[in-house]
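Notes to accompany the following structure.
The values are calculated or read from the model by the stated rules, or taken from the named source; none is laboratory data. Here the structure is a predicted model, which means the values were calculated and not measured. FYI the Cβ positions are ideal-geometry reconstructions off the backbone, even for glycines, and counts take in every protein chain you see.
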Amino acid sequence: QSGHSEEENVTFYSQDMNQGMQERMRLETGLRHALGHGQLLLHYQPKFALASGRIIGAEALVRWHHPERGMIPPAEFIPLAEATGLVVQVGEWVLEAACAQAQSWKQAGLPPIRLAVNVSAREFTSALPGRVSETLARYGLEPSWLELEITESTLMHNIDRVIGIMDRITALGVALSLDDFGTGYSSLSYLKRFPIDTLKIDRSFTTGIPSDSNDCAIASTIISIAQQLKHKVIAEGVETVEQLAFLKSSGCDEVQGYLFSRPLPAAEFERALRENWGLDG
Ligand code: C2E
Ligand code: MG
Ligand code: MG
Ligand code: MG
């Protein structure tokens with residue numbers, strides 16, 4: 001009898017796996033289609049400088065507007081795109097779209113800001129610096145318009161090769177920031193070798209401020225590491241005034257989070273820029 005139920009289990013699991021694979025394949029085919037049919041778009045979440053209280057940039061965050069399923073968040077398709085390699089094409093689209101948007105804001109006479117684009121490990125190849133420089137030139141943009149956010153996982157394999165690519169990017173004048181900082185495995189001995197501009201405190205630490213003393217300690221330690229290494233530091237996921245107060249008194253340079261603004265469609269972000277939104281409202 002137990003043999004029978006095991007057999008049922010085997011059938012059950014393999015059907016389950018088939019369904020999972022079919023769903024992944026549907027998503028992959030859909031994403032390929034989305035790339036060619038204008039279903040991807042960018043939202044822009046403002047970044048504020050604590051010193052001035054003004055918008056100094058924005059993070060471009062990709063969304064997939066699916067004709068039947070509605071707005072699909074990146075957490076539902078970026079991991080798959082990373083696994084299949086499709087993330088390279090998604091990344092090309094994102095860089096292109098962000099630069100086109102920056103050009104249009106520049107031509108409209110809006111104050112210059114820095115647009116941050118997220119780059120996956122698989123995109124971080126020796127072809128990237130050339131593509132970035134070619135794209136900036138094609139849109140007539142100074143490199144100060146652009147920033148690339150990379151995560152620690154990008155930096156884990158073949159450090160020397162990765163540092164070479166980072167050096168070529170920063171030599172262009174494009175800023176690099178280390179996203180989700182503190183959640184990966186990069187060691188402090190590598191951190192000093194990375195030519196980065198900004199450390200980005202991960203939301204998982206910001207969330208615990210001020211009630212969790214460990215999160216407070218980690219956040220203020222990241223801030224002082226950044227200061228010692230002459231990097232800027234930004235906190236992501238700021239949702240409360242208490243978090244803002246703590247970060248401000250700890251010497252954090254910049255903040256980003258729902259307390260100030262959700263990621264916005266381009267037209268709404270443009271309005272925020274025109275109206276010169278500040279931390280004081
Ligand atoms: P990330 O780069 O760490 O981006 C921050 C995420 O936190 C965004 O989610 C943003 O909407 C969300 N967030 C910002 N402020 C708050 C807050 O105050 N509270 C909470 N709860 N969340 C906040 P989103 O847009 O869903 O993006 C998720 C992740 O997907 C990003 O994490 C990034 O790793 C990835 N991603 C997004 N766009 C791209 C892209 O163009 N290329 C690549 N490779 N990855 C992307
Ligand atoms: Mg990011
Ligand atoms: Mg982040
Ligand atoms: Mg994060």
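One table, with the values for the structure above:
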read-out	value
Neighbours by Cβ (under 7 Å, 6+ apart or cross-chain): first from the stretch 112-131, away from ligand 4 (no atom under 16 Å from the Cβ); second in a loop (DSSP other than H, G, I, E, B)	Arg122/Gly85; Pro129/Leu172
Which numbered condition Cys216 fails, given (1) away from ligand 3 (no atom under 16 Å from the Cβ); (2) crowded, with 24+ Cβ neighbours inside 10 Å	(2)
Yes/no for Glu28 being surrounded by 12 or more Cβ atoms within 10 Å (Cβ to Cβ), in a helix (DSSP H, G or I), of a type in the set (D, E, K, R) and out of contact with any Lys or Arg (no Cβ under 6 Å at 6 or more places or on another chain)	yes
Matching residues, the stretch 146-165, being closer than 17 Å to Gly91 by Cα and either modelled with pLDDT of 95 or more or assigned to a helix (DSSP H, G or I) (or both)	Leu146, Glu147, Leu148, Glu149, Ile150, Ser153, Thr154, Ile165
Ala83 vs. criteria within 18 Å of the chain's Cα centre (by Cα), aliphatic (A, V, I, L, M) and within 16 Å of ligand 3 (Cβ to nearest atom)	no
Residues that are in contact with a helix residue (DSSP H, G or I) (Cβ under 8 Å, 6 or more places away or on another chain), more than 16 Å from ligand 1 (Cβ to nearest atom) and over 15 Å from Lys230 (Cα atoms), drawn from the stretch 191-218	Cys216, Ile218
Residues that are surrounded by fewer than 13 Cβ atoms within 10 Å (Cβ to Cβ) and outside any loop (DSSP other than H, G, I, E, B), drawn from the stretch 173-194	Leu188, Ser189
Qualifying positions in the stretch 33-55 - loosely packed, with under 14 Cβ neighbours inside 10 Å and either over 30 Å from Asp253 (Cα atoms) or of a type in the set (Ser, Thr, Tyr) (or both)	His33, Gly36, His37, Gly38, Ser52
